[in-house]
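To keep things clear, I will list the structure first and then write my remarks on it.
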Amino acid sequence: MDETTSREKVLKSIRNSLLGKTPNPFSNVDLESKIYHELDESLALNFAQEFTDLGGKFIYCEDEEDLKSVLKTFVLAEEVQPLFCREPALKTLLNSIEISYTDKVEDFKTLRSSLTSCEFLIARFGSVMVSSGLSSGRRLNFFPEKHLVVAYASQLVPETKDALTGMQEKYNGKLPSMITQISGASRTADIEKTLVMGMHGPKEIYVFFVDDIIE
């Protein structure tokens, strides 16, 4: 009998709540203003600042020819071999500057670095958007110690929403199964609050930024 009474009390309370109107205690909340401040610098400058603040390495290239020179100097100077690359356009680039690379699956476990393109650069957060729709696939963005990204000024957008809109247009509404933003080098401080780099991905990420916009 007590259970029935308790049940009736609960149902009555619910009915009364549904019939009555509770005044909104937050009637003065501003729902129209933008959450983020306006980007007051150029998109490229904002991206570079945010990206480097997150531990990324930003390398500016004036054009395609400058990219070849800068990339060759970098690869020869840094410990990036074996370099793994699967994208046809980037393979052509490496061949033109006589830089060796591998695209064999059996070499994947021994790779030290990877060279990939990206989908977009997001100025607000200094993030690199990649997806499984790229020829490099899913793994090359996360497994190697060093991740080298070739990106262009024409891929730079202000916000994440702009990048997602661009993805919808690029893939005609059929989005890749994996889309993610890389914000700086992989890190974690979960273990005894000690910062560990490269825990869930590359220890270092480089963006070779090619200025392909003619003003």
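Rule-based calculations on the coordinates, nothing more; no lab input. The shown structure was predicted, so the numbers you read here are calculated from the model rather than taken from an experiment. Because the Cβ atoms are built from the backbone with ideal geometry, glycine has one as well, and the counts that use them run over all protein chains shown.
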Checklist entry - Given the Cα-Cα distance of residue 42 and residue 76 and 0.36 nm per residue of separation, how much length would full extension add, in nm? => result 9.1 nm
Item to check | Lys, Arg +1 and Asp, Glu -1 on Cβ, resulting dipole of the chain about Cα centre, debye, nearest 20 | outcome: 1260
Checklist outcome for this item: In this structure, among 72/170; 57/174; 57/161, pairs with alpha-carbon gaps over 28 Å are 72/170; 57/174
Checklist entry - Roughly how many Å is it from the Cα centre of segment 18-35 to that of segment 55-86, as a whole number? => result 52
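Per Stokes-Einstein, at 37 °C and 0.692 mPa s, what whole-number D in µm² s⁻¹ belongs to segment 84-184, with the Kirkwood radius over Cα pairs as the hydrodynamic radius?
Details: Rh = 14.3 Å.
Roughly 230 µm²/s, to the nearest whole number.
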Item to check | Estimated distance in nm for a label pair at residue 22 and residue 57, the labels positioned 7 Å out from Cα along Cα-to-Cβ | outcome: 5.5
Next on the checklist: Using only Cα atoms and rounding to the nearest 10 degrees, what angle (0 to 90) does helix 160-170 make with the longest principal axis of the chain?
Outcome noted: 70
Item to check | Helix 2-19 axis, angle to the chain major axis (alpha carbon atoms, nearest 10°) | outcome: 70
Item to check | Nitroxide proxy distance, nm - points 7 Å out along Cα→Cβ at residue 177 and residue 109 | outcome: 2.3
Checklist outcome for this item: Cross-link reach from residue 104 to lysines, straight Cα distance under 19 Å and at least 8 residues apart if same chain, gives 91, 146
Checklist outcome for this item: Between (i) 56, 32, 30; (ii) 85, 45, 40; (iii) 50, 41, 34, the structure-derived Cα extents along the principal axes in Å is (ii)
Checklist entry - Any idea which of 67, 156, 140 is furthest toward the positive side of the dipole for the chain, if Lys and Arg beta-carbons carry +1 and Asp and Glu beta-carbons -1? => result 140
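How high is the relative contact order of segment 93-176, in percent, counting Cα pairs under 8 Å that sit 6 or more residues apart?
Taking the mean separation of contacting Cα pairs over the length of segment 93-176, I get 30 percent.
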Next on the checklist: Take the chain, mark every one of the chymotrypsin sites (Phe, Trp or Tyr not before Pro) that falls in a DSSP loop and has at most 12 other Cβ within 10 Å, then report the longest stretch left between them, sites excluded.
Outcome noted: 37-215
Item to check | Label-zone membership for segment 118-134, site residue 49, 7 angstrom Cα→C-beta point, backbone N under 20 Å | outcome: 121-128
Checklist outcome for this item: Residue span residue 69 to residue 29: 0.36 nm per residue of separation minus Cα-Cα distance leaves a gain in nm of 9.0 nm
Item to check | Integer Hz, Karplus 6.51/-1.76/1.60 couplings in order for segment 102-110, x for Gly and Pro | outcome: 10, 10, 7, 4, 5, 8, 4, 5, 9
Item to check | Relative contact order [Cα under 8 Å, 6+ residues apart], the chain, whole percent | outcome: 24
Checklist entry - So how much slack lies between residue 6 and residue 98, counting 0.36 nm per residue of separation and subtracting their Cα-Cα distance, in nm? => result 25.1 nm
Checklist entry - If the cut-off is 28 Å between C-alpha atoms, which lysines fall inside it for residue 12, apart from same-chain ones fewer than 8 positions away? => result 21
Next on the checklist: Can you return the aspartates and glutamates within cross-link range of residue 203? Criterion is Cα-Cα under 19 Å, with same-chain partners fewer than 8 residues away left out.
Outcome noted: 50, 53, 78, 79, 145, 190
